[in-house]
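K.L.:
Pasting a structure below so you can have a look.
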Amino acid sequence: MRYEEAVRYIGTLRRFGMKPGLDRMRRILSKLGHPEDGLCFYHVAGTNGKGSVCAMLAAMLKALGYRTGLYTSPGLGGFNGRVAVDGAPISEPEFAEHVDAVRRAADTSDPPTEFEVLTAVALLAFRSAGVERVVWETGLGGRLDATNVVWPHVTAITNVSYDHVEILGPTLVDIAREKAGIVKPGVPVVTACADSAYRVIERTAAQLGSKLISVGREVQFTITGGDVRLRGAYRGLFRDAPSVRLGLVGEHQAQNAAVSLAMLELGEGRIAEADWERALASLERVRWPLRCEVFDVGGRLVVIDGAHNEEGARTLARALRRLGKGMGASRWRMVFAAFADKDVRGMFAHMLPLACDALMVQSPHPRGADPRGLAALAREIRPDLSIHVMSSIEDAVQEALAGPEPIVVWGNLYMAELARNTIIALGAEEWQ
């Protein structure tokens, strides 16, 4: 099977949609000889911040000298970009080889979903590469997510907010209960959840005899400075770190850093001083595409972020205020797209107050919302705002760059990736 054939095969599975449950995965893995056996998993769930936590944790594990696998969704640069070993995506031929193995192991009477195939591919790739540590991001929820077929070394639930309510349930307690499904008996869990969601995690951990580490209680990361990129101090389980520099942007990364550092401490124990310093130093080099990524395009500030729910929009708005304050900018030109099932009104409530104008586009995905409907809703919320429906993402980026204000591209990861490709082709560089 060639890479193009693998991508076509995966594309045929989209019509089956999401089918939560673990039976298909277990049958496939059994036929594949259980590639998950013998791997050491750091399993991460949560509404927002999962990708950032995974990126930081993978960087630190690699800095400690472990051959490290990273599975995230979605990833940058195609399907194989979701599966990385020591920071490099697996090759297209290797991806195709593993997809073919999964296809042959799958039951044609109960076809796997796209995500199940990718999850099985990741496990085959990590076994083949001799990976020593796996950083393992859930797709949706936790309890019935395809990633939940593994037995983890450490788990984490970053936070809980409203997203995918039609699948995970209408309340934060419902959503937290689903995400807490990754917690296993006796396996430690880290969380930055608060209030009712925290109580669900706390109760689950107590019932399963799992040690619970809470950010803000047992561990803490305190911001001490920085404009675009943060400096902070970490109070840990075994070691403290008075001066840590983060490569990722936004105040919310302090919480994500605390989760990743606590997971590292729980999983690796009392790390030697020299190893601890190497792990901390790696955090400054971490970059995570499409998550509050900051670019310079001919002297223009462009932020790209895949914030796709209300909490993500709130977090992004806070980051934009901090960035804007540092460079004397209070209003942003916005390029926006979303899936049709998202709470766009809730997202707009946080972001539109920062807009000087807005350009609406169609997400390049079957679930993409009609940009005309997005524009109508934006006009309802901000009737004073100049709002345009653009025919393409490339046109929207070019139009945004025609004005003097800083730009933020946000709302949907699929659209954000295409916008990122466009500005890189225009000579974008990382903002220093």
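The values are calculated or read from the model by the stated rules, or taken from the named source; none is laboratory data. Since this is a predicted model, take the numbers as computed values, not measurements. For neighbour counting, all protein chains shown are included, and Cβ atoms are generated from backbone atoms with ideal geometry for every residue, glycine included. Keep in mind that these areas ignore ligands, DNA and RNA; they rest on the heavy atoms of the full protein, side chains included. Shrake-Rupley method; radii C 1.70, N 1.55, O 1.52, S 1.80 Å.
K.L.:
Does Arg270 qualify as being out of contact with any helix residue (DSSP H, G or I) (no Cβ under 6 Å at 6 or more places or on another chain), surrounded by fewer than 23 Cβ atoms within 10 Å (Cβ to Cβ) and in a loop (DSSP other than H, G, I, E, B)? If you could, list the steps in order and put the result at the bottom.
P.N.:
Numbers: out of contact with any helix residue (DSSP H, G or I) (no Cβ under 6 Å at 6 or more places or on another chain): yes; surrounded by fewer than 23 Cβ atoms within 10 Å (Cβ to Cβ): yes; in a loop (DSSP other than H, G, I, E, B): yes.
Criteria met by Arg270.
K.L.:
Tell me the residue from Lys50, Lys62 that is in contact with a strand residue (DSSP E or B) (Cβ under 7 Å, 6 or more places away or on another chain), over 27 Å from Pro112 (Cβ atoms) and in contact (Cβ under 8 Å) with a residue 24 or more places away in the chain, please. Give the derivation first.
P.N.:
On the way: Lys50 fails: over 27 Å from Pro112 (Cβ atoms).
Checking each option against the conditions leaves just Lys62.
K.L.:
So, in region 294-314, exactly how many residues are open to solvent by 20 Å² or more (accessible area, probe 1.4 Å), in contact (Cβ under 8 Å) with a residue 60 or more places away in the chain and part of a helix (DSSP H, G or I)?
P.N.:
Qualifying residue count for the region: 2.
K.L.:
In region 187-205, which residues are part of a helix (DSSP H, G or I) and in contact with a helix residue (DSSP H, G or I) (Cβ under 9 Å, 6 or more places away or on another chain)? Explain how you work it out, then say what you get.
P.N.:
First, the residues of region 187-205 that are part of a helix (DSSP H, G or I): 195-205.
Matches in region 187-205: Asp195, Ser196, Ala197, Tyr198, Arg199, Val200, Ile201, Arg203, Thr204, Ala205.
K.L.:
Among Ala257, Ala279, Ala233, which is the only one that is of a type in the set (Gly, Ala, Ser), open to solvent by less than 10 Å² (accessible area, probe 1.4 Å), touching an Asp or Glu at 6+ places or on another chain (Cβ under 9 Å) and in contact (Cβ under 8 Å) with a residue 12 or more places away in the chain?
P.N.:
Working: Ala257 fails: touching an Asp or Glu at 6+ places or on another chain (Cβ under 9 Å); Ala233 fails: open to solvent by less than 10 Å² (accessible area, probe 1.4 Å).
Going through Ala257, Ala279, Ala233 in turn, the sole match is Ala279.
K.L.:
When you scan region 375-392, how many residues do you find that are open to solvent by 10 Å² or more (accessible area, probe 1.4 Å) and in contact with a helix residue (DSSP H, G or I) (Cβ under 7 Å, 6 or more places away or on another chain)? Walk me through how you get there before you give the answer.
P.N.:
The first filter runs over region 375-392 and keeps only residues open to solvent by 10 Å² or more (accessible area, probe 1.4 Å), leaving 376-377, 379-392.
Checking which are in contact with a helix residue (DSSP H, G or I) (Cβ under 7 Å, 6 or more places away or on another chain) leaves us with 377, 381-382, 385, 387, 389-390.
Of the residues in that region, 7 qualify.
K.L.:
Can you tell me which of (1) surrounded by fewer than 23 Cβ atoms within 10 Å (Cβ to Cβ); (2) touching a Gly at 6+ places or on another chain (Cβ under 7 Å); (3) not small (Gly, Ala, Ser) is the one Lys179 doesn't meet?
P.N.:
Lys179 satisfies every listed condition except (1).
K.L.:
Can you list the helices (runs of 4 or more DSSP H) found entirely within region 340-432 that contain at least 2 residues being touching a Gly at 6+ places or on another chain (Cβ under 9 Å) and of a type outside the set (Val, Ile, Thr)?
P.N.:
Working: elements: 344-351, 371-381, 393-401, 413-425.
Output list reads 344-351, 413-425.
K.L.:
Does Gly81 satisfy the condition of being on the phi > 0 side of the Ramachandran plot, surrounded by fewer than 24 Cβ atoms within 10 Å (Cβ to Cβ), modelled with pLDDT under 95 and in contact with a strand residue (DSSP E or B) (Cβ under 8 Å, 6 or more places away or on another chain)? Break it down into steps so the answer makes sense when it comes.
P.N.:
Numbers: on the phi > 0 side of the Ramachandran plot: no; surrounded by fewer than 24 Cβ atoms within 10 Å (Cβ to Cβ): yes; modelled with pLDDT under 95: yes; in contact with a strand residue (DSSP E or B) (Cβ under 8 Å, 6 or more places away or on another chain): yes.
In short, no.
K.L.:
Kindly check whether there is at least one residue in region 133-145 that is in contact (Cβ under 8 Å) with a residue 12 or more places away in the chain, surrounded by fewer than 24 Cβ atoms within 10 Å (Cβ to Cβ) and in a helix (DSSP H, G or I).
P.N.:
Checked region 133-145: no residue is in contact (Cβ under 8 Å) with a residue 12 or more places away in the chain, surrounded by fewer than 24 Cβ atoms within 10 Å (Cβ to Cβ) and in a helix (DSSP H, G or I).
K.L.:
If you scan region 56-77, which residues turn out to be open to solvent by 10 Å² or more (accessible area, probe 1.4 Å), within 19 Å of Gly312 (Cα to Cα) and touching a Ser or Thr at 6+ places or on another chain (Cβ under 9 Å)?
P.N.:
Scanning region 56-77 gives a single hit, Ser73.
K.L.:
Now for a different question. Against the conditions (1) within 25 Å of the chain's Cα centre (by Cα); (2) at pLDDT below 95, where does Leu354 fall short? Just the number, please.
P.N.:
Of the numbered conditions (1) within 25 Å of the chain's Cα centre (by Cα); (2) at pLDDT below 95, the odd one out for Leu354 is (2).
K.L.:
Which numbered condition in (1) hydrophobic (A, V, I, L, M, F, W, C); (2) closer than 23 Å to Val259 by Cα; (3) surrounded by fewer than 24 Cβ atoms within 10 Å (Cβ to Cβ); (4) in contact with a helix residue (DSSP H, G or I) (Cβ under 9 Å, 6 or more places away or on another chain) is the only one that Ala96 fails?
P.N.:
(2)
K.L.:
While we're on this one: I need the full set of residues from region 282-293 which are buried (at least 21 other Cβ atoms within 10 Å of the Cβ) and either more than 13 Å from Cys54 (Cα to Cα) or of a type in the set (Gly, Ala, Ser) (or both), in order please.
P.N.:
Leu290, Cys292, Glu293
K.L.:
Still on this structure: From Thr47, Thr113, Thr108, Thr119, which residue is at pLDDT below 95 and crowded, with 24+ Cβ neighbours inside 10 Å?
P.N.:
Working: Thr113 fails: crowded, with 24+ Cβ neighbours inside 10 Å; Thr108 fails: crowded, with 24+ Cβ neighbours inside 10 Å; Thr119 fails: at pLDDT below 95.
Residue meeting the stated conditions: Thr47.
K.L.:
Could you check Val286 against (1) assigned to a strand (DSSP E or B); (2) in contact with a Gly (Cβ under 6 Å, 6 or more places away or on another chain) and say which number it fails?
P.N.:
Here Val286 clears every test but (1).
K.L.:
Would you mention how many residues in region 236-250 are over 26 Å from Ala307 (Cβ atoms) and either open to solvent by less than 30 Å² (accessible area, probe 1.4 Å) or assigned to a strand (DSSP E or B) (or both)? Walk me through how you get there before you give the answer.
P.N.:
First, pick out the residues of region 236-250 that are over 26 Å from Ala307 (Cβ atoms): 236-243.
Right, trim to either open to solvent by less than 30 Å² (accessible area, probe 1.4 Å) or assigned to a strand (DSSP E or B) (or both) and you get 236, 241-243.
Residues that pass the stated criteria total 4.
K.L.:
Of all residues in region 306-360, count the ones that are among the basic types (Lys, Arg) and under 25 Å from Asp296 (Cβ atoms).
P.N.:
If we filter region 306-360 for residues that are among the basic types (Lys, Arg), which is where we start, we get 314, 318, 321-322, 325, 331, 333, 342, 345.
From what's left, under 25 Å from Asp296 (Cβ atoms): 318, 321-322, 325, 331, 333.
Residues flagged as among the basic types (Lys, Arg) and under 25 Å from Asp296 (Cβ atoms) within region 306-360 amount to 6.
Condition check ((1) surrounded by fewer than 21 Cβ atoms within 10 Å (Cβ to Cβ); (2) in contact (Cβ under 8 Å) with a residue 60 or more places away in the chain) across all residues:
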{"site": "Ala319", "(1), (2)": "no, yes"}
{"site": "Gly324", "(1), (2)": "yes, yes"}
{"site": "Arg331", "(1), (2)": "yes, yes"}
{"site": "Pro371", "(1), (2)": "no, no"}
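K.L.:
Of all residues in region 206-235, which are under 24 Å from the mean Cα position of the chain (by Cα) and not in a strand (DSSP E or B)? Quick ask: steps written out before the conclusion?
P.N.:
First, the residues of region 206-235 that are under 24 Å from the mean Cα position of the chain (by Cα): 212-216, 219-223, 226-234.
Across region 206-235, the qualifying residues are Gly216, Gly226, Asp227, Val228.
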